Every structure is written in C-alpha cells, then in structure tokens.
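Written out below as structure tokens is the structure these notes cover.
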C-alpha cells in the first residue's frame, strides 16, 4: 500500500489533478460554468482541502491501479483513469445533479465529459510513474 510506486503515483497524480482542475475550472471553463449555475456559490474555495482531496483520490487510484492492472504504462493508466472518470464523473455527477442541482444539465454533462479526460490524464500520469518504477511490468 505504501510502496515507492504508490507514493510517487500519489504525488504525481495529486499534482496533475490540482493543476488540471485549476486550469480548467479557473480559466478554461469558468465563464461557461458561471453561465450555467443554478445556485449562488458565494463561498471561497479552500486550496488546502482541494489538495488533500486530490492526494487522497490519487492515493486510492494508485493502489487500485497497482492491484488490478497487469501491464503498467501511460495507455493502461489512461484507460484506468477513464473508468474512474465514468465512476466519479457520470455516476456521481448525475447522482449529484439529481440531489443538489448546482448546475443545469448542460453544465453537468460538460463536467461529466471533462471528468473522463481529467481522470484519464491523472491515470496516465500514475501509469507512467508505475512504468518507470516497475520495469518488469512495463507494457
């Protein structure tokens, strides 16, 4: 659980998640989501908790990837990450839409599609770390 690969995968994956999320939500799509919000979000985001959450997700992804992937690499990591995106993006995204409705359905779908790429890239970074630290399981 606390191997060199999982700890490095956690670190790299957490950094990737933070950077991708910050660029996408703060710059690339900020005005889109502001135009599609249904409730006022007046609270400030807390980067400490965002970073902690990203590290926990990356730690879980690293451990699951290690356990259930037979060939480590960027491609297998991306595929793995996309499945995590299906789980968190479409699965939890639609559940949240059904219960909280902070955004309209258009923004929810865009956010769900973004999750596929977001977690895919994160998974690819974790796969890359694993391929560099486990030469015997490189694809």
Note to self: I'd like to verify a number: residues in segment 34-57 that are in contact (Cβ under 8 Å) with a residue 24 or more places away in the chain, closer than 27 Å to residue 13 by Cα and not in a helix (DSSP H, G or I), how many?
What the structure shows: 0
Note to self: Which numbered condition in (1) touching a residue at least 40 places away in the same chain (Cβ under 8 Å); (2) within 17 Å of the chain's Cα centre (by Cα); (3) surrounded by 17 or more Cβ atoms within 10 Å (Cβ to Cβ) is the only one that residue 131 fails?
What the structure shows: (2)
Notebook entry, point to check: What single numbered condition from (1) more than 18 Å from residue 10 (Cα to Cα); (2) touching a residue at least 60 places away in the same chain (Cβ under 8 Å); (3) assigned to a helix (DSSP H, G or I) fails to hold for residue 118?
Noted result: (1)
Check: Yes or no: residue 57 out of contact with any helix residue (DSSP H, G or I) (no Cβ under 7 Å at 6 or more places or on another chain), closer than 29 Å to residue 7 by Cβ and surrounded by 14 or more Cβ atoms within 10 Å (Cβ to Cβ)?
Finding: no
Check: Is there any pair linking a residue in segment 75-102 that is touching a residue at least 40 places away in the same chain (Cβ under 8 Å) and at positive phi to one that is surrounded by 14 or more Cβ atoms within 10 Å (Cβ to Cβ) and in a helix (DSSP H, G or I), with Cβ under 6 Å and at least six apart or on different chains, and which?
Finding: none
Next item on the list: Taking residue 31 as the residue in question, decide whether it is farther than 30 Å from residue 134 by Cβ, in a helix (DSSP H, G or I) and either at pLDDT below 95 or touching a helix residue (DSSP H, G or I) at 6+ places or on another chain (Cβ under 6 Å) (or both).
Entry: yes
Next item on the list: Go through 128, 102 for me and flag whichever is out of contact with any strand residue (DSSP E or B) (no Cβ under 6 Å at 6 or more places or on another chain) and over 14 Å from residue 12 (Cβ atoms).
Entry: 102
Notebook entry, point to check: Considering only segment 61-104, how many residues are within 29 Å of residue 34 (Cβ to Cβ), in a helix (DSSP H, G or I) and over 14 Å from the mean Cα position of the chain (by Cα)?
Noted result: 6
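The values are calculated or read from the model by the stated rules, or taken from the named source; none is laboratory data. Here the structure is a predicted model, which is why all the values come from computation and not from measurement. All Cβ positions, even for glycine, are placed from backbone atoms using ideal geometry, and neighbour counts span all protein chains on display.
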